[in-house]
Amino acid sequence: MPIKTAPEENVSEVLRERLNHLQALEAESLYILREAVAEFAKPVMLYSIGKDSSVMLRLAQKAFYPGKIPFPLLHIDTSYKFPEMISFRDTYTKEIGADLIVHRNEAAIADGASPWKLGTQNCCGALKTRSLLDALEEGGFDAAFGGARRDEEKSRAKERVYSFRDGAGQWDPKNQRPELWSLYNSRLRKGESIRVFPLSNWTELDIWLYLYSEQIPIVPLYFAEERLAVVRGGSITLIHDGVRLLPGEKPELMKVRMRSLGCLPCTGAIRSDADTLPKIIEELITFRRSERENRAIDHDEEGSMELKKREGYF
Amino acid sequence: MSTQGLGLNDSVRETAFRAFLDAHLDQEMLRFTTAGSVDDGKSTLIGRLLHDTKSVYEDQLASIRASRVNRAGAGVVDLSLLTDGLKAEREQGITIDVAYRYFSTSKRKFIIADTPGHEQYTRNMATGASTADVAIVLIDANAFAKADGLLPQSRRHTYIASLLRIPHVVAAVNKMDLVGYSEELFQRIREEYGKLTTQLGLPSVEIIPVSALAGDNVVEPSTAMPWYTGPTLLEYLETVPLELVEAKHGPLRFPVQLVVRPDATFRGFAGRVERGEVKPGLRVKALPSGRTTRVKSIVTYDGELKSASFPQSVTLELEDEIDLSRGEMLVAEDQASPLISTQFRAMVVWMGEDPLVVGKTYLAKHTTRTVRATVRTIRYRVDVNTTEHRDAAKLAMNDIAEVEFETSLPLFFDTYAESRGAGSLILIDAVTNATVGAAMINASIDDSESAIEHKPAFLFFQGDEAAAISFREELHHLGQRAVIVDDSLIPESALVAVTRALQLAGVTAISARAALSSETVAALQSSTEDHFVQGLEAARTWLEAKR
């Protein structure tokens, strides 16, 4: 097995008295990934194709190096994902030799489930949450890695690194196991499972800095480009096949990018000139709005993300 | 963190960004926890830190302005809403669980464990404190004036910070606006708090007068308290020296997390350096096998390293093939060995719904090793308001006590005072699987005399559990310790390592398993130097020879 050797100039970095924050975050994430793989019978990694997933995937490569990633990746495909996401998913996972499982709630999709028909809450419930719970059960997975971060949303701030889910996959914020030091409790009864969040302590800025310093590939939609879009209800919706135009809407070319990747109809783009990682980071530190602002799912009602998490959403 | 505007050309911008990135990569990470009671204004203080360091997004601020709940009064933004996350607590107006917050300044990245200080929630405070570098203890100046002294909760919070050995404690004396920014009152608080921290032996203490509501001395220096010349709370957090935790200079502790074996040519041991430093060429000893070898290389995805220390996660390749698996430990051959024992005493923070009772057996997770631990006695319970010791027959949730444990298998540990990582464990209820306690090891309960005399042995009473139990009792009467190793936690493949570990702790292994494979028997015979003893008669002969 060929092992990489350290270039000499890296030595001073290694001998630093204290790790910088990205190194400290990386070390913690590797520890969590290894702990879960050692203790759970059948883990799986939720792969959303977004930037956080890209970081988590690189961390998994690092944690088990020079071995392969010892668990499959699971993508919950709602059928409303951007085509760029699907092609990135297929190319990149193949390139790094990861096992990929794609799961869709075919019954709901055949039934015509859509945010227009069901509302975003119910649509997410059927195509994401239900589909996820079914996939976990079918695969017999007792642990699922997720890329959620505590800085994303208020109810996530109280999430554990090991998030306990009952037999129905649900989360009870009042009945979580205390988590001390880095001693994680992996004990489960039949049917119960744990969501493991190796990126718990990362912020959005940390993710971008790491993507940059590690040169990790991400979906091109994150980079600004002239794209066909319409302004709808205060947010910018990209026009792809399958997005219906409302009466009076006329698509035009705008220089936009996605800050967070979700489903086509429910994730808005932002106007931006940031077409490189440095420009994105620069934009991020001058741009004072939260990344999930353009995700309809979080804003249906106060405490909306908390409700979804209780039902089994990540 | 401001950078150049969008009008600059790319090369200038690239240079500016590089400078920003270099500076940012150099940032250290500081974890702190906040302890305060419901009315101390803790959520407001954190909201103020986030708000004044520009860590709050505009849409989040707009959303709290529009919130139906506002406890700050008309016309004032209720900054506590920034951190009160869950629906239940927004309705009750109290924080019910540990929440984590993040912000950074040009100097450091901060992780806040925001822990509720309500009477019932000692366990949450201990949770937040377990990973913190700094504890902020909130003291309500107005409440101090009314009670003419520190409230019990301030004593409790400070005691827990000392118990969990948070390296630095800073007292934020809040609500100075309500006491007319009185210097005289602040001095009285400083004096009384100083007495407490001296009594608890805290190594690093600072005290700062603040008003979270008005913003005095949180981020911006106060104009209302010209008599105070020390740092603001943020300045303190940005500059408090993060010494290298003793971790790096102590003896090596490398608990193995898992074995990485991608193909026949590579076998590595993945884990985190819990204490000390490891380098290629270092002579290491595996516990419990006692086998020694050298570190061949420190393998990472980014290339081999010349050295690794806490908290780096690495993979070690060794020069010789030795038996080593999860739950076992590598230490340096020439450095102080960890304590090896099945008996220890530890400070316990009880978190279970059901009480801790003497005689009950729990699962204990220590580093990467999970064993069974039986409560032998409760030495004393600590009154957290006065730190006095009391007798106790059992422990209720949020009680703190010194407890003696005996484990089914030896642990390799340091005291918590020497190493947070190698001296801490969690207790798990074996039936409900709930995490019910946190324990910090004070000392091994010494068995050294019998350990020196002890010869390794494995007593096998095939399928005869009654004989195994009665022989164990016989040994106990003679002052010899023995355990039965027939436990779902111990697969047959682990028997050799377990027997060896027990021997190091001065304990004989006994089994009444239905069968052992011939490979296992051969391995046990070889590792016990032919003290593999089968059957009651042979065991009696073995015992006679010992005496």
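Quick one: which of B:109/B:146; B:109/B:296; B:107/B:285; A:51/B:107 span more than 29 angstrom between C-alpha atoms? Table pairs above 29 Å Cα-Cα are B:109/B:146; B:109/B:296; B:107/B:285. Translational diffusion coefficient of chain A (Stokes-Einstein, Kirkwood radius from Cα pairs, 20 °C, 1.002 mPa s): 104 µm²/s.
Note that the range B:339-446 shows a convex hull volume over its alpha carbon atoms of 91 Å³ per residue.
Here the convex hull built on the C-alpha positions of the range B:247-332 has a volume of 82 cubic angstrom per residue.
The rule of thumb for compact globular proteins, 2.2 N^0.38 Å, goes into the C-alpha radius of gyration of the range B:353-409 1.20 times. For chain B, the spread of Cα positions along the three principal axes, ordered from largest to smallest, is 86, 64, 40 Å.
Annotation: average projected area of the range A:187-278 is 9.5 square nanometres, based on the convex hull of Cα atoms across all directions. Take every Cα pair under 8 Å whose residues are at least 6 apart in sequence, average their separation, divide by the length of chain A, and the relative contact order is 19 percent. Quote the Stokes-Einstein diffusion coefficient, in whole µm² s⁻¹, for the range A:9-167, based on the Kirkwood radius over alpha carbon pairs, a temperature of 37 °C and a viscosity of 0.692 mPa s. The calculation lands on 187 µm²/s. Of the beta bridges in the protein assembly as shown, as assigned by DSSP with both residues counted there, near 65 percent are antiparallel.
The string of couplings for the range B:272-281 from the Karplus curve (6.51, -1.76, 1.60, θ = phi - 60°) is 10, 6, 7, 7, x, 9, 10, 9, x, x Hz, one whole number per residue in order, with x for Gly and Pro.
Look at the alpha carbon pairs under 8 Å that are at least 6 residues apart: their mean separation over the length of chain B gives a relative contact order of 9 percent.
Gyration tensor analysis over the Cα atoms of the protein assembly as shown returns equivalent ellipsoid semi-axes of 47, 35, 26 Å (largest first, whole Å). Across the alpha-carbon set of the range B:95-169, the Rg to Rh ratio works out to 1.00, Rh being the Kirkwood radius. The HN-Hα couplings worked out from phi for the range B:233-238 by the Karplus form 6.51 cos²θ - 1.76 cosθ + 1.60 (θ = phi - 60°) are 4, 5, 4, 4, 5, 7 Hz, whole numbers, x standing for Gly and Pro. Put simply, the Cα atoms of the range B:10-239 extend 62, 43, 38 Å along their principal axes, the longest span coming first.
Across the range B:389-403, computed HN-Hα scalar couplings (Karplus, 6.51 cos²θ - 1.76 cosθ + 1.60, θ = phi - 60°) run 8, 10, 6, 8, 9, 8, 10, 9, 3, 6, 6, 10, 7, 9, 10 Hz from first to last residue, x flagging Gly and Pro. The charge dipole of the range B:311-425, taken about its Cα centre with unit charges on the Cβ of Lys, Arg, Asp and Glu (plus for the first two, minus for the last two), comes to roughly 760 debye. For the range B:449-546, report the % of Cα-Cα distances exceeding 20 Å. Pairs farther apart than 20 Å: 27 percent.
Charges were assigned to the Cβ only: +1 to each Lys and Arg, -1 to each Asp and Glu. The resulting dipole of chain B about its Cα centre is roughly 140 debye.
Read-outs: derived from the displayed coordinates by stated rules, not from any lab. In this text the structure is predicted, and so the values were computed from the model without any measurement. Counting neighbours? That spans all protein chains shown, and the Cβs are built from the backbone with ideal geometry, glycine included.
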